[in-house]
1. Return the total of residues in region 1-16 being in a loop (DSSP other than H, G, I, E, B), in contact with a strand residue (DSSP E or B) (Cβ under 6 Å, 6 or more places away or on another chain) and without any contact (Cβ under 8 Å) to a residue 24 or more places away in the chain.
2. At pLDDT 85 or above, part of a loop (DSSP other than H, G, I, E, B), touching a strand residue (DSSP E or B) at 6+ places or on another chain (Cβ under 9 Å) and surrounded by 10 or more Cβ atoms within 10 Å (Cβ to Cβ): which single residue out of 23, 61 fits that description?
3. Looking at the structure I just gave you, is residue 45 under 19 Å from residue 2 (Cα atoms), part of a helix (DSSP H, G or I), within 14 Å of the chain's Cα centre (by Cα) and modelled with pLDDT of 90 or more?
4. One residue is enough: does region 28-36 have a residue meeting the conditions in a helix (DSSP H, G or I) and buried (at least 17 other Cβ atoms within 10 Å of the Cβ)?
5. If the Cβ limit is 7 Å and pairs must be 6+ apart or interchain, which residue in region 22-33 that is touching a residue at least 60 places away in the same chain (Cβ under 8 Å) pairs with which residue that is outside any loop (DSSP other than H, G, I, E, B)?
């Protein structure tokens, strides 16, 4: 079985829990209460998405490589004047 690698973006949901999307697989997303839940569910969603493409005879999308070296969130406090 051939492996395919895709980037998964996980977001906090406003109502609680998390939701995940796979940008290279349009329409492939899911949600879960915990990170463990959403991680397992997004893997299942990806497999189902790819299986549907296979049944329709469509090629699997190839994700374009990210040319950035590092991506991470940074929170800073704004300094006060005076």
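The values are calculated or read from the model by the stated rules, or taken from the named source; none is laboratory data. Keep in mind that what you see is a predicted model, and the values were worked out from it rather than measured. Here the Cβ positions follow ideal geometry from the backbone for every residue, glycine too, while neighbour counts run over all protein chains shown.
1. We begin by selecting, within region 1-16, every residue in a loop (DSSP other than H, G, I, E, B); these are 1-8, 13-16.
Cutting the leftovers down to in contact with a strand residue (DSSP E or B) (Cβ under 6 Å, 6 or more places away or on another chain) gives us 8, 13.
Now drop any that are not without any contact (Cβ under 8 Å) to a residue 24 or more places away in the chain, which leaves 13.
Total meeting the criteria: 1.
2. Exactly one residue qualifies, and that residue is 23.
3. Numbers: under 19 Å from residue 2 (Cα atoms): yes; part of a helix (DSSP H, G or I): yes; within 14 Å of the chain's Cα centre (by Cα): yes; modelled with pLDDT of 90 or more: yes.
The answer is yes for residue 45.
4. First, the residues of region 28-36 that are in a helix (DSSP H, G or I): 35-36.
From the residues that got through so far, the ones that are buried (at least 17 other Cβ atoms within 10 Å of the Cβ) too are none.
No: region 28-36 contains no residue that is in a helix (DSSP H, G or I) and buried (at least 17 other Cβ atoms within 10 Å of the Cβ).
5. So the pair list comes out empty.
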